[in-house]
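Quick notes on the structure that follows.
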Amino acid sequence: GRYAIAFESAHHRATVFVDGRRVREHVGAYEPFSARVKLARGRHTIVVRVDWRGPEGQAAAGWARGWFNYGGLNRPVTLERIGRTELGGLRLRTRLLGRDRARVGITVRVRNRATTGRTLRLRGVLRHGDTTIPLDFAAGGVGAGAARTMRASATIDGPALWSPADPQRYDLRIDLLNVFDSDDDD
């Protein structure tokens, strides 16, 4: 099947090999990236070369580092199977509506990797403590091999606002629901 090898951070120049074949290069630090591969059943070898030598050259290219020996894989690496439908490109925008209300708008990119068009629906929820705010996305058709952006919004009365002195956070969960019965492996 299709898989994504997800890197949360590699500093500075990363090259990813799977079974001896170069599949991805990345330059930078702090930002996540992934290598997408198709794998057959069985064992595979993943090799990651991270080169953080040459701090003067990195600084000249705008990638200065704060510590002389800072480099390598700095965050977790995971392997994720990619199903027939993939969610990505998540964006969240919050607007305050006065002092006691907030409007949250969410967009998510939905890619249909199936060989036929499908009608898909997302369901989402924001949670903070005992407060649950549902997010209703309208169902939408997505052609075979195509992608589209789906949207939802909600108004929150009495939002728990973030500040350095009182850092409040909401958890966001988005689930994919297939409108039609099928033998999907999402």
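The values are calculated or read from the model by the stated rules, or taken from the named source; none is laboratory data. Quantities reported herein were computed from a predicted structural model and do not represent experimental measurements. As a convention, Cβ positions derive from the backbone with ideal geometry for all residues, glycine included, and neighbour counts pool all protein chains shown. To get the accessible areas, we keep the full protein, side chains included, count just its heavy atoms, and leave off ligands, DNA and RNA. Shrake-Rupley method; radii C 1.70, N 1.55, O 1.52, S 1.80 Å.
Quick notes on this structure:
- Restricting attention to region 90-127, the residues that are of a type outside the set (V, I, T), open to solvent by 60 Å² or more (accessible area, probe 1.4 Å) and over 13 Å from A152 (Cβ atoms) total 10.
- Pairing each residue of region 10-24 that is closer than 10 Å to V48 by Cα with any residue that is among the hydroxyl-bearing types (S, T, Y) and in a strand (DSSP E or B), provided the two are 6+ apart or on different chains, yields C-beta distances under 8 Å for R22/T15; R24/T15; R24/S34.
- Tallying residues that are farther than 23 Å from A102 by Cα and either without any contact (Cβ under 8 Å) to a residue 24 or more places away in the chain or in a strand (DSSP E or B) (or both) within region 146-164 yields 2.
- Screening G145, G140, G105, G88 for residues that are of a type outside the set (S, T, Y) and at positive phi leaves exactly one candidate, G145.
- From the options F17, F7, F33, residue that is over 27 Å from L87 (Cβ atoms), in contact with a strand residue (DSSP E or B) (Cβ under 9 Å, 6 or more places away or on another chain) and open to solvent by less than 70 Å² (accessible area, probe 1.4 Å): F17
- The single residue among V27, V50, V37 that is outside any helix (DSSP H, G or I) and over 28 Å from G1 (Cβ atoms) turns out to be V27.
- Residues of region 131-145 that turn out to be surrounded by fewer than 14 Cβ atoms within 10 Å (Cβ to Cβ) and either at pLDDT 95 or above or in a strand (DSSP E or B) (or both), as a count: 5
- R99 falls short on exactly one of the conditions (1) within 19 Å of the chain's Cα centre (by Cα); (2) among the charged types (D, E, K, R); (3) farther than 23 Å from R2 by Cα; (4) at pLDDT below 90, and that condition is (1).
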